[in-house]
Amino acid sequence: MNTLSAEKRDMQIKAKKLRREGFVTGNVFGKNMEGSMPLKIEKKEAERILRTCNKGSQLILTVEGQKMPVLLKEIDYKEMDFQALVKGEKVHSVAEVVLLNHEKVKSGVVELLLEEISYEALPENLIEKVEIDLDGKTAGDTIRVKDLPIATAEGIHLKTNPEETVVQVTEVHNAPEEEETEEAAEE
């Protein structure tokens, strides 16, 4: 599991000034915390984490020597928000949809309609990503949330509608080119 080091942020110093000094701001919040804890994270540390983690990833956050398991809730290059995980407490999270073998689609164009799947689970059941193998898919194929392993995974309670389409493969339509050919034939 990835580890991220951060420091408690002095709220007297504006976020804009911290960013100019090479920091990313953030917050960690949780059920067993009073309010949230403002953080500052070295930009290099934040970039290292962003190369391997996404929204919904679990990591160990170290703040002033104290280690806590957290869930990465929101990311942007200026701010990162975390939820402290408590054993036995369900959390709301998302799993990123990742498409594999794009080049092995037999016919049609792949449309990704849902980039993440929302769910609730205990910390030990959290899922960071759902991989969909497109090998052999053809025009007309549709994959819904209910067709994915996350829909039947033990300890996962879906928040996203199971009937929602995640990926569909549609036929390629070249209507504009056909119209141009007809116009050329008429002249």
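Some points to look at:
- For first residues located in the range 140-151 and outside any loop (DSSP other than H, G, I, E, B), partners that are open to solvent by 60 Å² or more (accessible area, probe 1.4 Å) and of a type outside the set (A, V, I, L, M) and lie 6+ apart or on another chain with Cβ distances below 7 Å form the pairs ARG144/GLU163; ARG144/GLU164; VAL145/ASN161; VAL145/GLU164; LYS146/GLU163.
- Restricting the range 28-38 to residues that are out of contact with any Phe, Trp or Tyr (no Cβ under 7 Å at 6 or more places or on another chain) and in a strand (DSSP E or B), the residue that is most open to solvent (accessible area, probe 1.4 Å): PHE29
- Subset of the range 77-90 that is in contact with a helix residue (DSSP H, G or I) (Cβ under 7 Å, 6 or more places away or on another chain) and either closer than 13 Å to PRO123 by Cα or open to solvent by 30 Å² or more (accessible area, probe 1.4 Å) (or both) - its residue that is modelled with the highest pLDDT: LEU85
- Per the listing ILE49, ILE41, ILE75, the residue uniquely touching a residue at least 12 places away in the same chain (Cβ under 8 Å), among the β-branched types (Val, Ile, Thr) and touching a Leu at 6+ places or on another chain (Cβ under 6 Å) is ILE49.
- Looking across the range 105-126, the residues that are touching a residue at least 40 places away in the same chain (Cβ under 8 Å) and among the hydrophobic types (A, V, I, L, M, F, W, C) come down to VAL105, VAL109, VAL110, LEU112, LEU113, LEU114, ILE117, LEU126.
- Hits in the range 57-114 (condition: assigned to a loop (DSSP other than H, G, I, E, B) and over 20 Å from GLU34 (Cα atoms)): SER57, TYR77, LYS78, ASN101, VAL105, LYS106, SER107, GLY108, LEU113, LEU114
- LYS129 satisfies every condition listed in (1) over 30 Å from GLN83 (Cα atoms); (2) of a type in the set (Lys, Arg); (3) under 15 Å from the mean Cα position of the chain (by Cα) except (1).
- Residues satisfying the stated conditions in the range 126-152, i.e. under 30 Å from LEU72 (Cα atoms), out of contact with any strand residue (DSSP E or B) (no Cβ under 6 Å at 6 or more places or on another chain) and surrounded by fewer than 16 Cβ atoms within 10 Å (Cβ to Cβ): LYS146, ASP147, PRO149, THR152
- Residues located in the range 39-55, provided they are surrounded by fewer than 16 Cβ atoms within 10 Å (Cβ to Cβ) and part of a strand (DSSP E or B): none
- Selection of the range 158-183 for residues being at pLDDT 95 or above and either in contact with a Pro (Cβ under 9 Å, 6 or more places away or on another chain) or open to solvent by 90 Å² or more (accessible area, probe 1.4 Å) (or both) yields LYS159, GLU163.
The values are calculated or read from the model by the stated rules, or taken from the named source; none is laboratory data. Keep in mind the model is a prediction, meaning the values are calculated, not measured. Every residue, glycine as well, gets a Cβ built from its backbone with ideal geometry; the counts of neighbours run over all protein chains shown. Accessible surface is based on the protein model in full, side chains and every heavy atom, while ligands, DNA and RNA are left aside. Shrake-Rupley method; radii C 1.70, N 1.55, O 1.52, S 1.80 Å.
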